[in-house]
Amino acid sequence: MAANAHPVRTTPRPPWLHIVAAAAVVLLLSVAYLGAMRFAIEYSNPHGHHTPDERDLVYLWLHLGVLAAALVTGFALGRWLRSAGTAYAVLLLVVLATVMVGAQLGSRELACSGHDGLIRHWTC
């Protein structure tokens, strides 16, 4: 058997680093998502010059892009932490999807109480 047939096992990084790194990445991706939504707000204006199909396509790609970034970033983070990359990818995907739903519901509630146009325009 060759000397390098078995991979060298490395110990994972300390638990506090896992928590801090995961929280930092979640915060960074959440801010990026909210910034992208704010940047694309003109597409959601019901009185704007964009058709509903254009709006839906922009929001589809925006959400898919951010979720894909969460998967890739989560996997890379998990591997950097010498842990399970797939577990971190799924963790970030679920957390970011929850942030997306919460942001949309919160934005709609605020819009229907007079604070429209935070991350998208709504009709109530």
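The set of residues in the range 88-114 that are free of Cβ contacts under 8 Å to residues at least 12 places away in the same chain and under 29 Å from ALA24 (Cβ atoms) comprises VAL94, THR98, VAL101, GLY102, LEU105, GLY106, GLU109, LEU110.
Entry remark, the range 41-70: residues being of a type in the set (A, V, I, L, M), within 16 Å of LEU93 (Cα to Cα) and surrounded by 14 or more Cβ atoms within 10 Å (Cβ to Cβ) number 5 in total. Every condition in (1) surrounded by 12 or more Cβ atoms within 10 Å (Cβ to Cβ); (2) farther than 30 Å from THR123 by Cα is met by LEU34 except one, and the failing one is (2).
The set of residues in the range 75-124 being acidic (Asp, Glu) and modelled with pLDDT of 85 or more consists of GLU109 alone. Among the criteria (1) in a loop (DSSP other than H, G, I, E, B); (2) of a type outside the set (A, V, I, L, M, F, W, C); (3) under 11 Å from the mean Cα position of the chain (by Cα), the one HIS50 does not fulfil is (3). ARG55 falls short on exactly one of the conditions (1) in contact with a Phe, Trp or Tyr (Cβ under 6 Å, 6 or more places away or on another chain); (2) farther than 20 Å from GLY106 by Cβ; (3) among the charged types (D, E, K, R), and that condition is (2).
Report whether or not THR11 is in contact with a Lys or Arg (Cβ under 9 Å, 6 or more places away or on another chain), surrounded by fewer than 17 Cβ atoms within 10 Å (Cβ to Cβ) and β-branched (Val, Ile, Thr). The answer is yes for THR11.
The values are calculated or read from the model by the stated rules, or taken from the named source; none is laboratory data. In this text, all values refer to a predicted model and were calculated from it rather than measured experimentally. Glycine also receives a Cβ, built like all others from the backbone with ideal geometry; neighbour counts cover every protein chain displayed.
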